[in-house]
1. How big is the convex hull of the Cα atoms of the chain, per residue, in Å³?
2. Where does each of 30-40, 61-71 land if you order them by average Cβ count within 10 Å, highest first?
3. How much mean residue ellipticity at 222 nm does the chain get from its helices, if each DSSP H run of length 4 or more adds -39500 (n - 2.57) and you divide by all residues, to the nearest 500 deg cm²/dmol?
4. Helix 56-78 against the longest principal axis of the chain: what's the angle in degrees, Cα atoms only, rounded to the nearest 10?
5. Would you please give the FRET efficiency between residue 125 and residue 85, computed as 1/(1 + (r/R0)^6) with r the Cβ-Cβ distance and R0 = 22 Å, to the nearest 0.05?
6. What is the angle, in °, between the Cα long axis of helix 103-118 and the longest principal axis of the Cα atoms in the chain? Nearest 10 is fine, range 0 to 90.
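Taken together, the values in this text are just the output of simple stated rules run on the coordinates, not laboratory data. Source: prediction; values computed, not measured. A quick note on method: Cβ atoms are made from the backbone with ideal geometry, for glycine too, and the neighbour counts reach across all protein chains shown.
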Amino acid sequence: MPDDLDPQSDLPAPRRSTSPYLRNVIHDGVMHISGQLPYDGDGIRTTGTVGREVTVEQAKEAARLCALNVLAIVNAELGGLAAIRQVLRVTGYVACEPGFDGQPQIMDAASAVFLERLGERGQHARTAIGVAALPRQAPIEIDVTLAVDTGAAR
């Protein structure tokens, strides 16, 4: 990560869920973040299926938004990204046409956000899965597991 990049700059405001589940759970230094869609403000910027209404480039941008939304949650919950010791795992779901095999290429955009913002702490294991549909017609959803220090950021 370049020394002059503030990893918290330009993070979106975390969305408040109206659903009955928790947006994140911390247990024994591990933070599990519920699936994040590519919200940009109050709505999802791009909707549809990759290979039909959504291009690979649009899907990459959606994946970046998902990753930024994850970091926004950590920032809000723990008072800063310094609390992240390591991104452990990223699971990416890509709504795509049958036969589409570019899920890893799309998820590379989300992985890049973690590396750009966190340096070596952003390295992680990852799975990229193609699915028929996602909530709210989003093209991408990611969930993330991180090792965190709950006392470092507050």
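1. Numbers: hull volume 16.4 nm³, N = 154.
Value for the chain: 106 Å³ per residue.
2. Numbers: 30-40: 20.1, 61-71: 25.0.
Ranking, from highest mean packing down: 61-71, 30-40.
3. On the way: 2 runs with 39 residues, N = 154.
Result for the chain: -8500 deg cm²/dmol, rounded to the nearest 500.
4. For helix 56-78, the angle is close to 30 degrees.
5. Details: r = 15 Å, r/R0 = 0.68.
Result of the calculation: an efficiency of 0.90.
6. Tilt relative to the chain: about 20 degrees.
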